[in-house]
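Here is the structure we will look at, set down as structure tokens.
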Amino acid sequence: MEKVSVDELKNYLGKEVQLHGWVYNTRSSGKISFLLFRDGTGIVQAILYHPDHREELVKRFEELNQETSIVLVGKVREDKRSPLGIELDIVDFNIISKSIDYPISPKEHGVDFLQSNRHLWLRSKKQSSIMRIRSDVVFFAREFFNNRKFLCIDAPIFTPSACEGTTTLFEVDYFNDKKVYLSQSGQLYMEAAALAYGKVYCFGPAFRAEKSKTRRHLTEFWQIEPEVAFFDIDDDMELAEDLVIYLVQKILERRTDDLKILERDIKPLENIKKPFYRITYEDAIKILNKKGIEIKFGDDFGAPDEAAISFEFDRPVFVHRYPTQIKAFYMKKDKDREDLALGFDMIAGEGYGETIGGGQREDDYDTLLKRINENNLPVENFKWYLDLRKYGSVPHSGFGLGIERFVQWITKTQHIREVIPFARTLDRTEP
Ligand code: 4AD
Ligand code: MG
């Protein structure tokens, strides 16, 4: 008999198949018992009509507690009312291992309880859908860059210096009393790689010792970071736009069922087309002021500000040319406006804020050295980085897309901790 998975069942109409997985839930009503069976690819309903079976099997059904692992044999039947369009008639089943007092019942639980049981919570229906979408986002982001002949160049995680400011560094004791930091971003290394290979990207974890307790902050998150030689800020925004459109299209094509399980309204996603809006930081300030929000040149946007901006537009918007003083040291200054940096943030739609940050890098040796000093960064740690401006410097740009911020938006999940398998936040490092 063929071993199949739930997501393949529709190709086996009328056939008897074998499945390996777990009991999601059961209920019985009179002469009929219902089993919700899950195997990691989906959930299918299987039915046991008592009069068709030996008494022993009907009795054994009572041992099927939530999360009991089983081998199930069933016949696939069309059922228009079920979400999958099919159902199984149970032929037989064998218990592999029991599950007694599984802590997460189908009733509502508090988030803290669920977080403490994250190792089990991952099995739940909505969490499974989120993880499938996350996996696809990573896969298709890599595919997007591979299709465009980018080289994947991995950046180190132990780093000697700060990329995104010294206030959010996690320090690690290295050998011989040496201190290193967990990487905040692979960018600086991608710049070296871009000057070596032209078009590169890295995909890896990033760490920020950020004491912010918001719905959008993790202390450990994942970023995909392209970097391209001879790219200016406009080329860079176009690349970000193409990537986002590609990812949204792929998820809409491949993960319709999961988006449905998550009750995600897909209309706003279907509207994600070229061109995204592009406004300057100063335009954004005007928009916010008009909405009665008090904010002035030089202030950074908080989550409520970004949400307010995003609600003004029906698709993502790039906000570019922020004041130099609120952006990272490596950003190139606008040649017409010394007080502005050629950096941008992509603000996602529907109240979800910054999802991508990037821009054009300072490529002039003296200017960069000055910026490093102004930011009180230890020049000796940036010697290699300055070298890139010494030996054949070229204009170059890149960006970082936060995988969790992106998945949070696409799945319209309230809190970012649900879109990473095991979240690390200010107050939680377990399980
Ligand atoms: O804007 P950020 O800090 O930019 C950088 O790290 C650049 N070096 C990237 C580059 O140009 N190569 O971070 C980039 C993205 C943000 O837009 C956001 O999506 C995500 O990373 N991000 C976080 N996600 C979750 N929790 C946090 N604490 C995050 N901080 C940034
Ligand atoms: Mg940013």
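Can you work out which of the residues in segment 164-203 that are assigned to a strand (DSSP E or B) and crowded, with 22+ Cβ neighbours inside 10 Å is farthest from ligand 2 (Cβ to nearest atom)? My answer is Val200. If you filter segment 383-420 down to residues that are assigned to a loop (DSSP other than H, G, I, E, B) and either touching a strand residue (DSSP E or B) at 6+ places or on another chain (Cβ under 8 Å) or at positive phi (or both), you find that the one that is surrounded by the fewest Cβ atoms within 10 Å (Cβ to Cβ) is Gly392. Any chance segment 229-244 includes a residue that's crowded, with 21+ Cβ neighbours inside 10 Å and among the β-branched types (Val, Ile, Thr)? Scanning segment 229-244, I find at least one residue that is crowded, with 21+ Cβ neighbours inside 10 Å and among the β-branched types (Val, Ile, Thr), so the answer is yes. Every listed requirement among (1) farther than 26 Å from Ala303 by Cβ; (2) within 16 Å of ligand 2 (Cβ to nearest atom); (3) of a type in the set (Phe, Trp, Tyr) is met by Trp384 save one, (2). For segment 302-333, which residues satisfy the criterion of being of a type in the set (Val, Ile, Thr) and in contact with a Phe, Trp or Tyr (Cβ under 8 Å, 6 or more places away or on another chain)? Within segment 302-333, Ile309, Val317, Val319 qualify.
If I ask for residues that are more than 14 Å from Glu263 (Cα to Cα) and near ligand 1 (Cβ under 10 Å from one of its atoms), which ones from segment 402-416 would you list?
Gly402, Ile403, Glu404, Arg405, Phe406, Ile416
Quick check on Ile309: is it in contact with a strand residue (DSSP E or B) (Cβ under 8 Å, 6 or more places away or on another chain), part of a helix (DSSP H, G or I), over 30 Å from Asn376 (Cα atoms) and within 16 Å of ligand 1 (Cβ to nearest atom)?
Numbers: in contact with a strand residue (DSSP E or B) (Cβ under 8 Å, 6 or more places away or on another chain): yes; part of a helix (DSSP H, G or I): yes; over 30 Å from Asn376 (Cα atoms): yes; within 16 Å of ligand 1 (Cβ to nearest atom): yes.
Yes: the conditions hold for Ile309.
When segment 205-215 is filtered for residues that are within 14 Å of ligand 2 (Cβ to nearest atom) and modelled with pLDDT of 95 or more, the ones remaining, listed by number, are Ala206, Arg208. A residue that is at pLDDT below 95, at positive phi and assigned by TED's automatic domain parsing to the domain that holds Pro378 occurs nowhere in segment 189-204. Selection of first residues in segment 133-154 that are over 26 Å from Arg264 (Cβ atoms) and of second residues that are outside any helix (DSSP H, G or I) and β-branched (Val, Ile, Thr), restricted to Cβ pairs under 7 Å at least 6 apart or on distinct chains, gives the following pairs, ordered by first then second residue: Phe150/Val200; Leu151/Val200; Ile153/Val200. Quick check on segment 315-331: of everything there that is away from ligand 1 (no atom under 14 Å from the Cβ) and more than 23 Å from Leu243 (Cα to Cα), which residue is surrounded by the most Cβ atoms within 10 Å (Cβ to Cβ)? Result: Thr324. Among the conditions (1) touching a residue at least 40 places away in the same chain (Cβ under 8 Å); (2) of a type outside the set (Phe, Trp, Tyr); (3) within 15 Å of ligand 1 (Cβ to nearest atom); (4) more than 30 Å from Arg255 (Cα to Cα), Glu362 misses just one, which is (1).
For Asp314, the requirement of being in contact (Cβ under 8 Å) with a residue 40 or more places away in the chain and either more than 15 Å from ligand 2 (Cβ to nearest atom) or acidic (Asp, Glu) (or both) is met. Here Asp154 clears all of (1) in a loop (DSSP other than H, G, I, E, B); (2) touching a strand residue (DSSP E or B) at 6+ places or on another chain (Cβ under 7 Å); (3) not hydrophobic (A, V, I, L, M, F, W, C); (4) not assigned by TED's automatic domain parsing to the domain that holds Ser397 except the condition numbered (4). Residues that are touching a Ser or Thr at 6+ places or on another chain (Cβ under 6 Å), within 22 Å of Asn373 (Cβ to Cβ) and at pLDDT 95 or above within segment 142-176 comprise just one, Thr159.
To keep it simple, each residue is scored yes or no on (1) away from ligand 2 (no atom under 15 Å from the Cβ); (2) more than 21 Å from the chain's Cα centre (by Cα); (3) outside the structural domain of Gly186 (by TED's automatic domain parsing); (4) in a strand (DSSP E or B).
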| residue | (1), (2), (3), (4) |
| --- | --- |
| Asp339 | yes, yes, no, yes |
| Thr355 | no, no, no, yes |
| Gly358 | no, no, no, yes |
| Asn376 | yes, yes, no, no |
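The values are calculated or read from the model by the stated rules, or taken from the named source; none is laboratory data. For clarity, every value in this text was computed on a predicted model and none was experimentally measured. As a convention, Cβ positions derive from the backbone with ideal geometry for all residues, glycine included, and neighbour counts pool all protein chains shown.
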